[in-house]
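What follows is a set of notes on a single structure, which appears directly below.
Nothing in this text is a laboratory measurement; each read-out follows from the coordinates by a stated rule. This one's a predicted model, so the numbers in the text were calculated from it and none came from an experiment. Reconstructed Cβ throughout: ideal geometry from the backbone, glycine too, with neighbour counts over all protein chains shown.
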Amino acid sequence: MADRRAGVLASQVALGLAIVAIWQGLVAAGVLDPFFVSRPSAIALRIAQWISTGSLWGHLVTTVEESLLGLLVGAILGIALGFALARAPFVAAVCDPYIKMLNAIPRVVLAPLFLLWLGLGIWSKVALAVTLVFFVMFFNTYQGVRDADRVLIDNVRMLGASERQLVRHVLVPSALTWIFSSLQTSLGFAMVGAVVGEYLGATRGLGYVISQAEGTFDTTGVFAGMTVLAIVVVVASAGVTRLEQWLLRWKV
Amino acid sequence: MRLEFDRVARDYVTPDGQPYRALDEISFVVPAGAFVAIVGPSGCGKSTLLNVAAGLVPPTSGRVRIGDGDLAGLNRAATYMFQQDALLPWKTVRDNVGLGLILAGRSRADVTPHVDGWLARVGLTAFADHYPSQLSGGMRKRAAMAQNWIIDRGIVLMDEPFSALDVHTRQRMEGELLTLWESSKKTVVFVTHDLEEAIALADQVVVLSAGPASRVIARHPVPLERPRDLMELRTMPAFVEIYRAIWAVLRDEVIRSHETAERRRG
């Protein structure tokens, strides 16, 4: 098992290095034009510059802050409404088409509205992230409560549970299972919301960095921004996996 | 505590909108402290009858009497052991076993000695901090038994609780159930499709007819001595004799239920 994991990790690193090496090689050989695709060495150098001058941190912190706030607010709203509607089937049936309609709106078209309403600061980005996270959380909570095992509910009622205890001991944990399993998706969506928001209008953040670089045809800056973003996502996602394993430790 | 079914009937509406009578005019008494088994072919409404006794499903007509009163709403004098696993997967064995006491408003510290006593009684002390998914089928059933018996109610309803276990584990669980019951004054209603299991455990076997509209078609006493040695019991002449007598009635119902199932399929 440990051997296999080490093997996978080694192969993952090797694959990454191979892609970077081919990229670098093709540019060096003149097959690819660095104006369009930059080159890995230049990108690494740029990131090193950002780190050494300290210009990276402000942008990074802003993006992470917006993502986490979006995740938090979206989760609270989604879980609360998901729970409420799952317990009130009539209201859920009435709201159903409207929820689907709202979910069908491409979020990018909302970004200018949020900029208009909330300004260039972090809240317009948080709002965009919320619109993405909310629906994931809402649908999972709703499903989780509705799908709670009938036998578990009957058993706990027979053991003497009141309505409130039923919610606490069965419905909430059942929904949490679904919610935790969707944390990965939600976190990804929160970051997409934040970065897209920054891209469309901001004064700081990784999305802003990328958009500035694009404005001056600075492909190295664009790729460097994307690389930093990718690293943040990988690290955050590893953290979420750990958290998920701990929260759902009762599953085999 | 005495349990009585008084002309209990229960109707359902099938998915295609047809009314379906599952139980029809079921009347019998389970005396206080007795162990009564209910047998019948599959689909005869045994589980429905138990759900009615538990108050999870109201009867369409008739009534259930508990002690001296009519049952209304959930049966607070009974526990119910389900055929499926009903332990909460996100709680440890200890928390599952103590759940009924916690629901009654007692504190965790307060119930721990009691819970530990029950864990020892069902041989799960070493698994107290495991989750149900980490246990074998037999251990899960033991935990479920402890969960039910710890809250100490007068009536114990059991719906084919051991049907998913292998033969040997099953026999051991039956033995443990009898030991528990013999040291209590509880009334047990045990539903099973396995006639051998019914005779081995019960004081009385109630036979239901094939559905729809199941009725009680036989009630047979089981005058076998207690405590019973479940390992030897099944080959004893007295056991075989009772088996033959009840099977003579049950066989026709099993055949009838097969024919009904075939017709529905065809």
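Side notes on the structure shown:
- Lys-Lys pairs in the protein assembly as shown that are eight or more residues apart or on separate chains and whose Cα atoms lie under 27 Å of each other come to 9.
- Value of Rg to Rh for region B:85-152 (Rh from inverse mean 1/r over Cα pairs, i.e. Kirkwood): 0.92
- Three-way shape label, region A:1-53, alpha-carbon gyration tensor, a/c 1.5: oblate
- Counting only other chain Cβ atoms within 10 Å of each residue's Cβ, the peptide A:159-170 averages 4.
- Residues considered: A:PHE138, A:PHE90, A:PHE189. Largest GNM mean-square fluctuation over chain A, using C-alpha springs under 10 Å, is found at A:PHE90.
- Estimated [θ] at 222 nm from DSSP helical runs (n ≥ 4, -39500 (n - 2.57)) normalised by residues in chain B, nearest 500: -11500 deg cm²/dmol
- In region B:175-266, a dipole from Cβ-located charges (positive for Lys and Arg, negative for Asp and Glu) runs towards its positive end, and of B:ILE242, B:PRO223, B:GLY211 it is B:GLY211 whose Cα lies farthest in that direction.
- Taking the fewest neighbouring Cβ atoms within 10 Å as the starting point, the ordered list for A:VAL108, A:VAL130 is A:VAL108, A:VAL130.
- A:ARG249 paired with B:ALA238, simple spin-label distance in nm, labels 7 Å along Cα-to-beta-carbon: 5.3 nm
- Within the protein assembly as shown, antiparallel bridges make up roughly 55 percent of the DSSP beta bridges whose residues both belong there.
- The order of the peptides B:237-243, B:211-217 by mean Cβ neighbours within 10 Å, most packed first, is B:211-217, B:237-243.
- Peptide B:100-106 shows a mean partner chain C-beta count of 4 within 10 Å per residue C-beta.
- Sorting B:TYR131, A:TYR98 by the number of Cβ atoms found within 10 Å of their own Cβ, with the fewest placed first, yields A:TYR98, B:TYR131.
- Estimated inter-spin distance, A:GLN12 and A:PHE90, nm [label 7 Å along Cα→Cβ]: 5.1 nm
- GNM result for chain B, Cα springs below 10 Å: residue of B:PRO132, B:PRO59, B:PRO15 fluctuating most strongly: B:PRO15
- Amide H contacts of B:VAL222 (H built 1.01 Å from N, under 5 Å, at least 5 apart or other chain): B:GLN204, B:VAL205
- With R₀ fixed at 45 Å, the C-beta to C-beta distance from A:ILE76 to B:ARG21 puts the FRET efficiency at about 0.40.
- Where the alpha-carbon atoms of chain A are placed on the principal axes, they occupy 74, 54, 31 Å, in descending order.
- Assuming charge only on the beta carbon of Lys and Arg (+1) and of Asp and Glu (-1), the dipole of the protein assembly as shown about its Cα centre is about 400 debye to the nearest 20.
- Note on region A:160-252: Kirkwood radius taken over Cα pairs, Stokes-Einstein applied at 25 °C and 0.890 mPa s, translational D equal to 155 µm² s⁻¹.
- For chain A, the Cβ-based charge dipole about the Cα centre amounts to some 580 debye (Lys, Arg positive; Asp, Glu negative; other atoms uncharged).
- Two-site FRET efficiency, B:ALA248 against A:PHE139, from Cβ-Cβ distance with R₀ of 45 Å, rounded to 0.05: 0.20
- Computed over chain A with a Gaussian network model linking Cα atoms closer than 10 Å, the most mobile of A:ILE43, A:ILE153, A:ILE19 is A:ILE19.
- Sorted from longest to shortest, the spans of the Cα atoms of the protein assembly as shown along the three principal axes equal 95, 57, 53 Å.
- Degrees separating the helix A:219-247 axis from the principal Cα axis of chain A, which is the longest one: 30 degrees
- Chain A: angle of helix A:183-200 to the longest principal axis, Cα-based, in degrees nearest 10: 50 degrees
- Tilt relative to chain A, helix A:206-215 - C-alpha long axis, 0 to 90 degrees, to 10: 40 degrees
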